[in-house]
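Each value in this text was obtained by applying a stated rule to the coordinates, not by laboratory testing. These numbers were taken from a predicted model, which means no experiment stands behind them. As a convention, Cβ positions derive from the backbone with ideal geometry for all residues, glycine included, and neighbour counts pool all protein chains shown.
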Amino acid sequence: MANSRDYGNSTPVLLVVDDEPDFLRGLARSIPKEIPMRVLTAESGSEALSLIDKNPVEMVLTDIRMPDINGIELLEEIKQRDPWITVVLMTAYGTIETAIEAIRKGAYDFVQKPFTPDEINRLLKKALEHSTLVRENIRLKNRLSGASGMDLFLDGGPGVRKLLRTLRTVAALNVTVLIRGESGTGKEMAARQIHMLSPRADRRMVTVNCPTLPESLLESELFGYARGAFTGADSDKKGLIQEGDGSTLFLDEIGDISPSIQTKILRLIQEKEIKPLGSSVSKSVDVRIIASTNRDLEAKIIEKSFREDLFYRLNVVTIFMPPLREIPEDIPVLAQRFVHEASVEFNISPKSISEDVMKHLMSQAWPGNIRQLKNSLQKAMIFSKGDTLELKDFIHRKSVRRTAETIGSPSPDMTFRAARDRLLDDFTRKYLSEALTRHGGNISAAARESGLERQHFQKLMRKAGMTADNFRPDRN
């Protein structure tokens with residue numbers, strides 16, 4: 001029996017679980033009067049789990065004795081879904097053994113029925129302080145480690161929380177992981193989450209953005225080099241793989257690397273060793289490899305541009321990041337998060353989101369996925385003049401850059417060549433702008449969609465005076 005969702009409200013959510021309806025109604029009425037919390041209620045453990053999958057619950061107050069799933073079992077299921085949810089257990093049949101078992105399995109505290117309103121309010125206030133502190137510490141740790149956007153996994157919708165359960169399972173296994181998905185679906189965030197939940201979390205994850213480096217530079221950056229390996233190599237240099245020794249190496253967009261480097265990555269996975277450029281001595285390394293791609297690797301294997309044996313080595317565990325259009329139920333939670341972040345980042349008064357806007361957001365295809373949604377809401381926050389985001393605040397979503405349509409026809413006094421060049425320049429600028437907008441400033445993805453080589457695409461951008469930064473959403 002969940003309360004109706006308030007998209008503009010960031011009040012912490014408490015779920016109370018008990019098989020006595022009158023008891024539930026009493027707590028649902030009394031708790032918000034003393035503690036700033038939104039209260040959801042469930043009459044069974046299974047109903048509670050369903051609500052947790054659909055709502056950003058921060059705390060759970062649950063009875064132990066229930067007909068379908070008892071409180072201890074519910075606690076274990078909750079911790080599997082989200083280890084950061086604070087759980088308080090209550091029972092009329094409490095024993096010290098039960099209390100110890102509950103706390104050992106992750107409960108914050110334990111209270112015996114019957115209790116007074118003052119007793120439960122005091123306990124819930126302490127639990128809320130604990131929950132807030134835990135989540136802020138996690139967010140601070142994520143920011144310090146460069147894990148931009150990681151808190152989406154804390155407060156995400158049902159699709160994101162389902163993904164989190166998969167990431168947590170994979171994190172405990174020291175296996176190679178391949179993360180697949182469209183641009184903007186959060187592949188790097190998923191990789192960071194796996195690393196931070198793994199036994200290697202005390203070491204910094206090393207990230208390599210494969211498409212941004214030319215082949216010759218990528219090889220030396222990854223594997224390092226020995227003194228004299230090439231002109232300017234005045235001393236030995238450790239590569240990124242050695243820097244990641246004992247930690248995690250994230251190869252972002254591995255589908256774009258050349259066959260020669262693919263061969264060396266394959267040897268790294270198979271032999272756990274590398275040979276720096278210009279060196280005759282191999283070095284042992286212990287890195288866990290997580291790779292990502294938005295490419296069709298199976299098609300590249302058929303084209304002979306990606307090694308089949310490397311694919312199978314990478315494909316030990318594959319995680320598919322769903323595009324936003326497949327998880328529209330996550331959009332309300334994500335939208336609320338991005339509006340809150342924009343309010344803090346741009347020092348804008350908090351705003352709620354109208355029902356019309358939420359329906360509009362949930363109906364869009366979002367080819368740029370989470371990145372595009374965030375960018376859209378940031379711009380709406382900047383343009384909005386009221387306390388609520390309305391549809392009119394999204395009329396600026398079309399590109400404001402010069403296009404052939406806004407400039408109009410060439411002047412009659414222009415020569416044919418000048419008119420042609422002007423229209424061609426305008427078309428090129430418009431085409432590049434729309435491609436980059438769809439892909440959130442990802443040049444490689446925009447070039448692939450356009451059927452152009454990355455270098456050619458960049459050359460056209462330089463000629464048009466465009467930079468990818470203008471199309472990327474701000475990174476926290």
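General remarks:
- With the convex hull of the Cα atoms taken as the outline of region 23-83, the averaged projected area works out to 4.2 nm².
- Rounded tilt (10° steps) of 45-54 against the dominant C-alpha axis of the chain: 30
- 3J(HN,Hα) along region 59-70, derived from phi through the Karplus expression 6.51 cos²θ - 1.76 cosθ + 1.60 where θ = phi - 60°, amounts to 9, 10, 10, 10, 6, 8, 8, 9, x, 9, 10, 6 Hz, with x in place of Gly and Pro.
- Proxy reagent accessibility, fewest Cβ within 10 Å first, across T212, T231: T231, T212
- The charge dipole of the chain, taken about its Cα centre with unit charges on the Cβ of Lys, Arg, Asp and Glu (plus for the first two, minus for the last two), comes to roughly 1660 debye.
- The 3J(HN,Hα) values that the Karplus relation (6.51, -1.76, 1.60; θ = phi - 60°) gives for region 304-315 are, in residue order, 6, 9, 9, 5, 5, 5, 5, 4, 5, 5, 6, 8 Hz. Gly and Pro appear as x.
- Taking the fewest neighbouring Cβ atoms within 10 Å as the starting point, the ordered list for R438, R472 is R472, R438.
- Exposure proxy for L218, L61: other Cβ atoms within 10 Å of each Cβ, ordered fewest to most, give L218, L61.
- For region 339-386 and region 437-463, distance of Cα centres in Å: 26
- Taking amide H as placed 1.01 Å from N in the peptide plane, S279 has its amide H under 5 Å from the amide H of A226, each at least 5 places away in sequence or on another chain.
- Shown in residue order for region 13-21 are the 3J(HN,Hα) couplings computed by the Karplus curve 6.51 cos²θ - 1.76 cosθ + 1.60 at θ = phi - 60°: 10, 10, 10, 9, 10, 6, 8, 10, x Hz (x for Gly and Pro).
- Of I319, P199, S284, farthest towards positive along the dipole that unit charges on Lys, Arg, Asp, Glu beta carbons give region 152-320: P199
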